[in-house]
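A quick write-up on the structure given underneath.
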Amino acid sequence: MSLKFTGVRRKTEFSPNHVENDLLIINRTAENLESMGAKVTMVDEAALSPDTVTENLIFSMAQGPIGTKALHAIVTARECFVINSPSSVCQCYRTNMVSRLPAAGVPFPRSIVIETGDRTTAAAASRMGGKLWVKRGDVHAVHREDVVQVADSSEAMMIVREFAKRGIEQAILQEHLDGDTVKFYAVRESSFFHWYYLNGVYHTPFDQTALIDLAAQSAEALGLWIFGGDAIIRKDGSIAIIDINDWPSFAPVRDEASRQIAQLIYRKAQEYCYARDCKQEVSSQD
């Protein structure tokens, strides 16, 4: 059986500083799928519609609200297979992630969701105290100004007001955790895991297996298969996840990552087709 896929390229607006890298990883994934015998048709996130998504097997880097909503409508109407699913992408929006990860037992910075146009948010900011991060609440950073570190609550409110002027309705106030920042890339149901220091200030020794486990726990809580993220290694060696990204660029390890991603997609699509065919066979016998 030859598997036929539609691949969805991410809209460049949602690939700040990574337009080429995001394009390269999904194209390389498509090439690997084709080398496995699959047929692949590519479509841009901005062009998603029932007419452009021609297959029921989909791998997608769509991330924007409009594209994600369009893909969700397609896969719901046709009961399609898709990795990463639109629902898992939505769970990565910060307004959702800051509650889902702690609920799943993942160590995560203290965070609150605020309405940028609500004047009472100043009180919430003052209660946080100390250094803070102010982050847009929906998609991951589109501009450099979407994630800002501030010294105190008054500076935080200046950024929140700027968010409101830019039409960003919700923001996250998040406590600052001191330590080494590490970035990681991973693919579920594989041994693939790569990490490196984003800013290694202290180079505190830590349990790498614990990092792998926390990353997997986070991905499972959000429903992701292809993912990456950032973590803080604190001075006592403990680990906190501070961000999870749906299908990042995997730029430092693109070749190996694209092979592992393609193998995952192909295998899960086979399982989906087998289960669907078995279900249809049972229905016809009834």
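Derivation of every value follows stated rules applied to the coordinates shown; laboratory data play no part. On a predicted model such as this, the values are computed, not experimentally measured, just so you know. Backbone-built Cβ (ideal geometry, glycine too); neighbour counts: all protein chains shown.
With angles folded into 0 to 90 degrees, how steeply does helix 94-103 sit against the dominant principal axis of the chain? Use alpha carbons for both and round to 10. On a 0 to 90 degree scale, this one is about 90. Note: relative contact order over the stretch 110-175, using C-alpha pairs below 8 Å and six or more positions apart, is 51 percent. Fraction of C-alpha pairs exceeding 20 angstrom in the stretch 180-246: 20 percent, rounded to a whole number.
Counting beta carbons within 10 Å around each of Ser218, Ser2, Ser126 and listing the fewest first gives the order Ser2, Ser126, Ser218. Start at zero, step by 10 Å, and the Cα-Cα distances of the stretch 143-202 spread as 17, 33, 29, 18, 3 percent across the bins. For the stretch 124-177 versus the stretch 187-233, the spacing of their alpha-carbon centroids is 25 Å. Between the helical axis of 153-165 and the dominant principal axis of the chain, each derived from Cα atoms, what acute angle in degrees is found, rounded to the nearest 10? The angle comes out at about 50 degrees. Ranking Ile74, Gly105, Phe14 by Cα position along the charge dipole of the stretch 1-129, where only Lys, Arg, Asp and Glu carry charges on their C-beta atoms, puts Gly105 farthest toward the positive end.
Relative intensity of the stretch 148-274 on a log10 scale, I(q)/I(0) at q = 0.17, 0.18 Å⁻¹, equals -0.96, -1.02, per a Debye sum over C-alpha point scatterers of equal strength in the absence of solvent.
The peptide list 78-88, 16-26, put in order of mean Cβ contacts within 10 Å with the highest first, becomes 78-88, 16-26. Within straight-line reach of Lys131, meaning a Cα separation under 12 Å, sit the following aspartates and glutamates at least 8 residues removed in sequence or on another chain: Asp152, Glu155, Glu175, Asp178.
Calculated from DSSP H runs of 4 or more alone, at -39500 (n - 2.57) each and per residue, what is the 222 nm mean residue ellipticity of the chain, nearest 500? Don't jump to the answer; show the numbers that get you there.
Details: 8 runs with 115 residues, N = 286.
Dividing the helical sum by the residues of the chain leaves -13000 deg cm²/dmol.
Volume per residue for the stretch 110-175 equals 69 cubic angstrom (convex hull of Cα atoms). Between Arg166 and Leu23, the distance separating the two model label sites (each 7 Å from Cα on the Cα→Cβ line) works out to 2.4 nm.
What relative contact order, as a whole-number percentage, does the chain give when Cα pairs under 8 Å and 6 or more residues apart are counted?
The value is 20 percent.
For the chain, go through all pairs of different Cα atoms, get the mean of 1/r, take its inverse, and jot down that Kirkwood value in Å. Value: 20.1 Å, from the Cα pair sum.
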